[in-house]
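What follows draws every value from the coordinates through simple rules; no lab data is involved. Just so we're clear, the structure is a prediction, and the values are computed from it rather than from any experiment. Here the Cβ positions follow ideal geometry from the backbone for every residue, glycine too, while neighbour counts run over all protein chains shown.
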Amino acid sequence: RGAAATTADLAGRHVVVSAGGTREPLDPVRYLGNRSSGKQGYALARAAVARGARVTLISANSDLPDPAGADVVRVGTAVQLREAVLKAAADADAVVMAAAVADFRPAVYAPGKIKKRDGQEPEPIALVRNPDILAEISAERARPGQVVVGFAAETDDVLANGRAKLARKGCDLLVVNEVGERKTFGSEENEAVVLAADGAETPVPYGPKEALAETVWDLVVPRLG
Ligand code: CTP
Ligand code: CA
């Protein structure tokens, strides 16, 4: 799809994209995080702006420049991401969860820096589950016909795990990446298969994250209410 071929097929639509990776603080200077760069989510946001959408980009700890024309909301933790997504999703036609959400957070936040003590082994870090944002917005659609898209990175049994995850989350589309050396984290390129709740499977060949972004919107548009 070249720039000249871009159609405004998202004109009049509000889409919400989450991007980046959440960080779960242990103390004022430390956190549990992940390696998501935000590139795929930012590419989705830029593509949606180009296709005429009003775009809310909810960015978790990404260093990337704000996409021109998108409303950018910055968050840190999974709990903050959930708040921002639920708020923005209230009047959204589509929600795409490209962010890597930490499954767990430290059970306690130490308000002062955790110090080591002579001759003492460290305490284990107790974790609690974070809310599953994708499952929640899929189960409670803020408006009828709202299209919900998830992402999944899998290392083994990619298709079988992807199908099971799509059903478990209850979303309309799940973009499944096979995680490998060159792929996904921090790279410019991506290879994926997009699974749909209606059974459709769309392979996306190895290529730029921009191309995957366009394919996602191509699949969202005909499903919009
Ligand atoms: N997700 C979410 N909230 C969470 C965890 C994940 O909204 N607490 C979303 C992600 O943004 C992504 C999708 O769910 O769009 C799939 O994430 P993934 O980590 O693959 O799913 P999990 O259910 O956490 O499964 P796993 O145990 O394999 O990590
Ligand atoms: Ca997870």
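Being aliphatic (A, V, I, L, M), over 20 Å from Ala135 (Cβ atoms) and buried (at least 17 other Cβ atoms within 10 Å of the Cβ) is a property that Leu81 lacks. Could you tell me which residue of region 99-125 is farthest from Leu64 (Cα to Cα), considering only residues that are acidic (Asp, Glu) and away from ligand 1 (no atom under 16 Å from the Cβ)? Once the filter is applied, the top-ranked residue is Asp118. Residues of region 185-198 include at least one that is touching a residue at least 40 places away in the same chain (Cβ under 8 Å) and within 16 Å of ligand 2 (Cβ to nearest atom).
Checking the conditions here, which among Ala84, Ala88, Ala102 is within 30 Å of Thr56 (Cα to Cα), of a type in the set (Gly, Ala, Ser) and part of a loop (DSSP other than H, G, I, E, B)?
Details: Ala84 fails: part of a loop (DSSP other than H, G, I, E, B); Ala88 fails: part of a loop (DSSP other than H, G, I, E, B).
None of the other options fit; the residue is Ala102.
Within region 99-115, being within 16 Å of ligand 2 (Cβ to nearest atom) and hydroxyl-bearing (Ser, Thr, Tyr) holds for no residue. Is it the case that region 168-186 has a residue that's within 18 Å of the chain's Cα centre (by Cα) and in a helix (DSSP H, G or I)? Within region 168-186 (the criterion being within 18 Å of the chain's Cα centre (by Cα) and in a helix (DSSP H, G or I)), the answer is yes, since at least one residue qualifies. Kindly provide the set of residues from region 189-209 that are farther than 13 Å from Asp172 by Cα and out of contact with any Asp or Glu (no Cβ under 9 Å at 6 or more places or on another chain), ordered by number. Glu189, Asn190 - these are the residues of region 189-209 that are farther than 13 Å from Asp172 by Cα and out of contact with any Asp or Glu (no Cβ under 9 Å at 6 or more places or on another chain).
Based on what the data block shows, is Thr7 crowded, with 23+ Cβ neighbours inside 10 Å and among the β-branched types (Val, Ile, Thr)? No: the conditions fail for Thr7.
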